[in-house]
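Participant: This is the structure I want to talk about, given as C-alpha cells.
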Amino acid sequence: METSAIKKISHLSTERRAMLVGMSEAGLKYTEISQNTGISKSTIKDIVHRYHIQGSVETAPRSGRPRKLVDRDL
C-alpha cells in the first residue's frame, strides 16, 4: 500500500513577515532573502506583494464557523 505524503503547513509569525519585508525594502533580492532565511522565493514574493497592497504584514482573519460560547466566556 502506498501512503500519500501529507504536507505540513506552518504559518510565519508577524515578526518574521516584517523581517522579510524589511530585507526586501533594504534592497535584497528575493533569491538572496530565500538563501538567508530558508523560505521559498514564492512565499517571500507573496508576502512582500501583499504588504504593498494592504500596507500590513498581519495575518488576515480566517473564515469558518465561530466558536461556541460557554458561560465562562460571558
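The values are calculated or read from the model by the stated rules, or taken from the named source; none is laboratory data. It should be emphasised that the depicted structure is a prediction, and the values quoted were computed from it without experimental measurement. Backbone-built Cβ (ideal geometry, glycine too); neighbour counts: all protein chains shown.
Participant: Taking interchain pairs and intrachain pairs at least six residues apart, which have beta carbon atoms under 8 angstrom, with the first residue in region 7-24 and modelled with pLDDT under 95 and assigned to a helix (DSSP H, G or I) and the second loosely packed, with under 15 Cβ neighbours inside 10 Å and acidic (Asp, Glu)?
Facilitator: Here the result reads 14/58, each pair linking region 7-24 to a residue that is loosely packed, with under 15 Cβ neighbours inside 10 Å and acidic (Asp, Glu).
Participant: Could you tell me whether residue 37 is in contact (Cβ under 8 Å) with a residue 24 or more places away in the chain and not hydrophobic (A, V, I, L, M, F, W, C)?
Facilitator: Details: in contact (Cβ under 8 Å) with a residue 24 or more places away in the chain: no; not hydrophobic (A, V, I, L, M, F, W, C): yes.
No: the conditions fail for residue 37.
Participant: Something else now. Please state which of the following conditions residue 41 fails to meet, knowing it meets all the rest: (1) at pLDDT 95 or above; (2) more than 15 Å from the chain's Cα centre (by Cα).
Facilitator: (2)
Participant: Of all residues in region 37-74, count the ones that are farther than 14 Å from residue 18 by Cβ, loosely packed, with under 10 Cβ neighbours inside 10 Å and not hydroxyl-bearing (Ser, Thr, Tyr). Reasoning before the result, please.
Facilitator: Residues of region 37-74 farther than 14 Å from residue 18 by Cβ: 38, 40-43, 45-46, 49, 53, 60-74.
With loosely packed, with under 10 Cβ neighbours inside 10 Å added as a condition, the list becomes 38, 53, 60-74.
Adding the requirement that they be not hydroxyl-bearing (Ser, Thr, Tyr) leaves 38, 53, 60-62, 64-74.
Residues that pass the stated criteria total 16.
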